[in-house]
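Remarks on the structure that follows.
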Amino acid sequence: MKNRDNFIPWIYHPDYDIPLPTNHRFTAKKHADLLSLLMKSEISNNSRVFQPEPANKDQIQIVHTKSYINKIEFGNLSKSEENILGLPWSKELLKRAYLDVNGTLTAAKLALKHAIACHLAGGTHHAHANFGSGFCVFNDIAFTAKNLIHECICKKVLVIDCDVHQGDGTASICSDEPAIYTCSMHAKNNFPLEKINGDYDIPLDDEISNKEYMNKIIYMLDICNKEISPDLVIYDAGVDVHQNDKLGRLKINSETIMKRDLAILDYFKQKSIPICTVIGGGYSEDRNELAKRHSIIFNAAHRVYCAS
């Protein structure tokens, strides 16, 4: 599938950033930092920024319970529920939750038209049907996959999750949907403590080398290709596998992350299967460095779809 327009849709909203306490592990301004960095780069000449609308409750109820949605809507999370979520409730968090999930769905729909689209957020794969977890309020990946099928836009969706943490919420929510195939490649000794089996899980040892990591990426693609012929791929390009990530346990360098992203994007381009990307996890006290890591997938997309 070729990108005949020679531009890649980027999906972003200024309300993605939320107020957080000083020294919080989640970087509050990471999305604005990423957009700023990308707009200064040459690849912005081959991009177009799209702004999502908030999702509606009917869409969200396809993946989350009404009682949990109401807790988020009215700020009625208990202290323990907020601790599990890892984010303090605020009106800004509420607004972002509705925007973020629809940002990935918007990216998916644009990818079906343009071969690829890249979301400057997303990857909230720890959110379960009835509770939030690990900085994830609503699950944008499950939300997008299930809504695409519910709306009869896609018959089959493949989820490839390369975040350092297992996509437990995605696996749980999508377990009852045979048209969604979930694949998670993650550090086996990292969060979440209790893993939820998806369709295909690849647990990684902390000591894995960059070469072995790439070998597992190639093998993973071959397995997924044998298991499903999707109409769309949702790719979580988490950079918390990076050797300097403060919450990761792996030792993967930036060069290998680029090789990973290039390999995955090129694989599905060659098969003419549209792909939408989300940024997933990435944690650092150095905001500029974190933005650079998250920009890797955008540079990889440009190389595969615009520069070739």
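The values are calculated or read from the model by the stated rules, or taken from the named source; none is laboratory data. Nothing here was measured: the structure is a model prediction, and the numbers come from that model. Here Cβ is always computed from backbone atoms with ideal geometry, including for glycine, and neighbour counts include all displayed protein chains.
Among the residues of segment 147-170, which ones are part of a loop (DSSP other than H, G, I, E, B) and either buried (at least 24 other Cβ atoms within 10 Å of the Cβ) or in contact with a Pro (Cβ under 7 Å, 6 or more places away or on another chain) (or both)? Lys156, Cys162, Asp163, Val164, His165, Gln166, Gly167 - these are the residues of segment 147-170 that are part of a loop (DSSP other than H, G, I, E, B) and either buried (at least 24 other Cβ atoms within 10 Å of the Cβ) or in contact with a Pro (Cβ under 7 Å, 6 or more places away or on another chain) (or both). Of all the residues in segment 203-230, those that are touching a strand residue (DSSP E or B) at 6+ places or on another chain (Cβ under 7 Å) and outside any strand (DSSP E or B) number 10. Among the conditions (1) in a loop (DSSP other than H, G, I, E, B); (2) out of contact with any Asp or Glu (no Cβ under 7 Å at 6 or more places or on another chain); (3) of a type in the set (Val, Ile, Thr); (4) buried (at least 22 other Cβ atoms within 10 Å of the Cβ), Thr144 misses just one, which is (1). Criterion applied to Thr170, Thr182 was being free of Cβ contacts under 8 Å to residues at least 24 places away in the same chain, in contact with an Asp or Glu (Cβ under 8 Å, 6 or more places away or on another chain) and closer than 30 Å to Gln61 by Cα, and the one residue passing it is Thr182. When Asp168, Asp161 are screened for being modelled with pLDDT of 95 or more, under 18 Å from Cys276 (Cβ atoms) and not aliphatic (A, V, I, L, M), only Asp161 passes. From the list Asp205, Asp199, the one residue that fits, being over 18 Å from His125 (Cα atoms), of a type in the set (Asp, Glu) and touching a residue at least 12 places away in the same chain (Cβ under 8 Å), is Asp205.
Tell me, which residue of segment 252-270 that is surrounded by fewer than 17 Cβ atoms within 10 Å (Cβ to Cβ) and of a type outside the set (Gly, Ala, Ser) is farthest from the chain's Cα centre (by Cα)? By that ranking, first place goes to Gln270. When residues in segment 1-41 are screened for being touching a residue at least 40 places away in the same chain (Cβ under 8 Å), of a type in the set (S, T, N, Q) and outside any helix (DSSP H, G or I), 4 of them pass. In the set Val239, Val233, only one residue is at negative phi, part of a loop (DSSP other than H, G, I, E, B), buried (at least 24 other Cβ atoms within 10 Å of the Cβ) and of a type in the set (A, V, I, L, M); that residue is Val239.
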